[in-house]
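**Student:** Just passing along the structure, written as structure tokens.
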Amino acid sequence: MRETQRNSFKFVAKMSCCFLFGKRAQHVVEGDDDVHSVKVFSYNELRKATQDFSGANKIGEGGFGSVFRGMLKDGTLVAVKVLSATSRQGVREFLTELTAISDIKHENLVTLVGCCAEGSHRILVYNYLEKNSLSQTLLGSSYSNIQFNWRARVKIAVGVARGLAFLHEEIRPPIIHRDIKASNILLDKDLTPKISDFGLARLLPPNATHVSTRVAGTLGYLAPEYAIRGQVTKKSDIYSFGVLLLEIVSGRCNTNTRLPHEDQFLLEKTWALYEQGHLDEIVDVDIGDDLDVEEACLFLKVGLLCTQDAMARRPHMTTVVRMLTGSKNISMEKITRPALITDFAELKVSSKPQGASETRSYPSRSFTTTEVTEPFSSSETTTQTSM
Ligand SMILES: Nc1ncnc2c1ncn2[C@@H]1O[C@H](COP(=O)(O)OP(=O)(O)OP(=O)(O)O)[C@@H](O)[C@H]1O
Ligand SMILES: [Mg+2]
């Protein structure tokens, strides 16, 4: 058994004692050879930090529940994610999973500060990322004063690739994120990207239908094998990363129904331009003077490599990092046709996202037959996955 898992059980045992005796625990768990430092907040503390979870402090709402800005007693700004009723699970399971997540630290991953599991409340406390998510800044319709010049975009793309490569290749067991998309990429004050929401699927009770209820807003990022058959592998994450990479370079959402029909799907459009030899036409015109068109086209090609229909052809994330940083030449790589959203137009989204912050709608082609199911087994499917 994994070292951290073994220690997490010790942690849970100690935590259970703390709850039984109604005490607040901090920096619990000192194993024999490892130390975990999950801070446990009381509900009251988080209520105060968020001014009673006031509407004014609400910064977003996603498939797992609402997110509030909060300030802890020591002045630290935090994002407080209140998991909705469907996300509730027993204290023991919740804390076990949380301990595993809190162990995972990387410059390009959001840091879990602590949690609360009092009564029926299940709350996660994260570092507050002041520049918000890529979906609200780079891709959002409302005004953002952030200038995403080319250097900033390179930093974001490479940072996200490194964070995902870390989850896929450096953690045992690996973590498949399952929900790589612009709203799950948060930015700190220096525009360092941080991947959020990794490990969350493990916090859901086994009967929660988190995938099918949240697919609608995420559809453009989903590899077809995931969208249609529910097959979750590292390669489905890599597909989502590829779509995100196209968004970062083009400054466009993966789907935009206000555009003429042939331009609505970013991946489809990028592939068409690639075949015509005009890839540069999809590069964001707002990038500014530091644009390196050659490098931008290279990034687009990496995005196309990641979204190829044949899963086996999509490069691993460590290879993607090398491609983006120039230590692996891709000029000899053959890029084959991507898996396009229009190829699976019969896909049914069984229910709409519940109050999700995602507002994109999908075009007149309706998605009307298949329900997304839990993952099939696959040689690449790991035991630890995340939404
Ligand atoms: N650590 C954080 N710092 C600052 N803002 C955050 C943080 N975490 C989340 N947010 C904000 O809250 C919003 C909602 O986040 P949440 O993860 O609940 O939903 P989502 O990412 O839009 O969708 P999904 O549930 O599919 O991940 C985000 O888009 C972001 O704007
Ligand atoms: Mg999120």
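**Student:** Being within 15 Å of ligand 1 (Cβ to nearest atom) and at pLDDT below 95 is the filter here; which residues of the stretch 161-174 pass it?
**Tutor:** Correct list: empty.
**Student:** For the stretch 41-62, enumerate the residues that are over 18 Å from LEU98 (Cβ atoms) and in a loop (DSSP other than H, G, I, E, B).
**Tutor:** Matches in the stretch 41-62: THR50, GLN51, ASP52, PHE53, SER54.
**Student:** To continue, here is another question. What is the one condition in (1) in a loop (DSSP other than H, G, I, E, B); (2) surrounded by 15 or more Cβ atoms within 10 Å (Cβ to Cβ); (3) not acidic (Asp, Glu) that VAL285 does not satisfy?
**Tutor:** Tallying (1) in a loop (DSSP other than H, G, I, E, B); (2) surrounded by 15 or more Cβ atoms within 10 Å (Cβ to Cβ); (3) not acidic (Asp, Glu), VAL285 fails exactly one: (2).
**Student:** Further, regarding this structure: Quick one: how many residues across the stretch 143-156 are hydrophobic (A, V, I, L, M, F, W, C) and touching a Gly at 6+ places or on another chain (Cβ under 9 Å)?
**Tutor:** At the first step, the residues of the stretch 143-156 found to be hydrophobic (A, V, I, L, M, F, W, C) are 146, 148, 150, 152, 154, 156.
Remaining after also requiring touching a Gly at 6+ places or on another chain (Cβ under 9 Å): 148, 150.
The number of residues fulfilling the criteria is 2.
Okay, residues lined up against (1) under 21 Å from LYS155 (Cα atoms); (2) aliphatic (A, V, I, L, M):
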{"residue": "GLU262", "(1), (2)": "no, no"}
{"residue": "LEU267", "(1), (2)": "no, yes"}
{"residue": "GLU275", "(1), (2)": "no, no"}
{"residue": "GLU281", "(1), (2)": "no, no"}
{"residue": "ASP289", "(1), (2)": "yes, no"}
{"residue": "CYS297", "(1), (2)": "yes, no"}
{"residue": "ALA312", "(1), (2)": "no, yes"}
{"residue": "VAL320", "(1), (2)": "yes, yes"}
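**Student:** What do you reckon, is ALA272 over 23 Å from GLY326 (Cβ atoms) and of a type in the set (A, V, I, L, M)?
**Tutor:** In short, yes.
**Student:** Testing GLY60 on (1) in contact with a helix residue (DSSP H, G or I) (Cβ under 7 Å, 6 or more places away or on another chain); (2) within 13 Å of ligand 2 (Cβ to nearest atom); (3) small (Gly, Ala, Ser), one condition comes back false. Which one is that?
**Tutor:** Looking at each condition in turn, GLY60 falls short on (1).
**Student:** Can you tell me how many residues within the stretch 142-156 are of a type in the set (Val, Ile, Thr) and either touching a Lys or Arg at 6+ places or on another chain (Cβ under 8 Å) or at pLDDT below 95 (or both)?
**Tutor:** Residues that pass the stated criteria total 1.
**Student:** Exactly one of (1) farther than 30 Å from SER250 by Cα; (2) modelled with pLDDT under 90; (3) within 16 Å of ligand 1 (Cβ to nearest atom); (4) not acidic (Asp, Glu) is unmet by LEU124. Its number?
**Tutor:** Status for LEU124: all satisfied but (2).
**Student:** Now, a different point. Hey, among the residues in the stretch 183-192 that are crowded, with 24+ Cβ neighbours inside 10 Å and among the aliphatic types (A, V, I, L, M), which one's farthest from ligand 2 (Cβ to nearest atom)?
**Tutor:** LEU187
**Student:** If you don't mind, there's one more thing I want to ask. Any residue at all in the stretch 123-140 that's without any contact (Cβ under 8 Å) to a residue 24 or more places away in the chain and not hydroxyl-bearing (Ser, Thr, Tyr)?
**Tutor:** Yes, the stretch 123-140 contains at least one residue that is without any contact (Cβ under 8 Å) to a residue 24 or more places away in the chain and not hydroxyl-bearing (Ser, Thr, Tyr).
**Student:** Here is a further query. Of the residues that make up the stretch 43-53, is at least one surrounded by fewer than 20 Cβ atoms within 10 Å (Cβ to Cβ) and within 16 Å of ligand 2 (Cβ to nearest atom)?
**Tutor:** Looking for residues that are surrounded by fewer than 20 Cβ atoms within 10 Å (Cβ to Cβ) and within 16 Å of ligand 2 (Cβ to nearest atom), one finds none in the stretch 43-53, hence no.
**Student:** Taking the stated definitions as given, is SER37 touching a His at 6+ places or on another chain (Cβ under 6 Å), at pLDDT below 95 and surrounded by fewer than 18 Cβ atoms within 10 Å (Cβ to Cβ)?
**Tutor:** yes
**Student:** Would you mind telling me which numbered condition in (1) at pLDDT 90 or above; (2) in a helix (DSSP H, G or I); (3) aliphatic (A, V, I, L, M); (4) surrounded by 20 or more Cβ atoms within 10 Å (Cβ to Cβ) LEU273 fails?
**Tutor:** (4)
**Student:** Let me ask something else about it. Within 16 Å of ligand 2 (Cβ to nearest atom), more than 26 Å from LYS39 (Cβ to Cβ) and in contact with a helix residue (DSSP H, G or I) (Cβ under 9 Å, 6 or more places away or on another chain): does that describe LEU109?
**Tutor:** Details: within 16 Å of ligand 2 (Cβ to nearest atom): yes; more than 26 Å from LYS39 (Cβ to Cβ): no; in contact with a helix residue (DSSP H, G or I) (Cβ under 9 Å, 6 or more places away or on another chain): yes.
It is false that LEU109 is within 16 Å of ligand 2 (Cβ to nearest atom), more than 26 Å from LYS39 (Cβ to Cβ) and in contact with a helix residue (DSSP H, G or I) (Cβ under 9 Å, 6 or more places away or on another chain).
**Student:** If you scan the stretch 99-137, which residues turn out to be assigned to a helix (DSSP H, G or I) and more than 18 Å from LEU72 (Cβ to Cβ)?
**Tutor:** THR99, ALA100, ILE101 - these are the residues of the stretch 99-137 that are assigned to a helix (DSSP H, G or I) and more than 18 Å from LEU72 (Cβ to Cβ).
**Student:** Can you name the residue in the stretch 76-98 that is farther than 15 Å from LEU129 by Cβ and part of a loop (DSSP other than H, G, I, E, B) and, of all such residues, is nearest to ligand 1 (Cβ to nearest atom)? Outline the logic, then answer.
**Tutor:** Within the stretch 76-98, the subset farther than 15 Å from LEU129 by Cβ is 82-98.
Pick out the ones that are also part of a loop (DSSP other than H, G, I, E, B) and you get 84, 88-90.
On the way: SER84: 10, ARG88: 16, GLN89: 17, GLY90: 22 Å.
The qualifying residue nearest to ligand 1 (Cβ to nearest atom) is SER84.
**Student:** Could I ask something else about it? Given the condition touching a residue at least 40 places away in the same chain (Cβ under 8 Å) and surrounded by fewer than 19 Cβ atoms within 10 Å (Cβ to Cβ), answer yes or no: does some residue in the stretch 295-309 qualify?
**Tutor:** yes
**Student:** Scan the stretch 63-75 and report the pairs whose first residue is farther than 10 Å from TYR128 by Cβ and part of a loop (DSSP other than H, G, I, E, B) and whose second residue is near ligand 1 (Cβ under 9 Å from one of its atoms) and small (Gly, Ala, Ser), with Cβ atoms within less than 6 Å and a gap of 6+ or a chain change.
**Tutor:** Within 6 Å, the pairs are GLY63/ALA356.
The values are calculated or read from the model by the stated rules, or taken from the named source; none is laboratory data. Every value quoted in this text rests on a predicted model; they were computed, and no experiment measured them. Cβ sites come from the backbone with ideal geometry, for glycine too, and all protein chains shown count toward neighbours.
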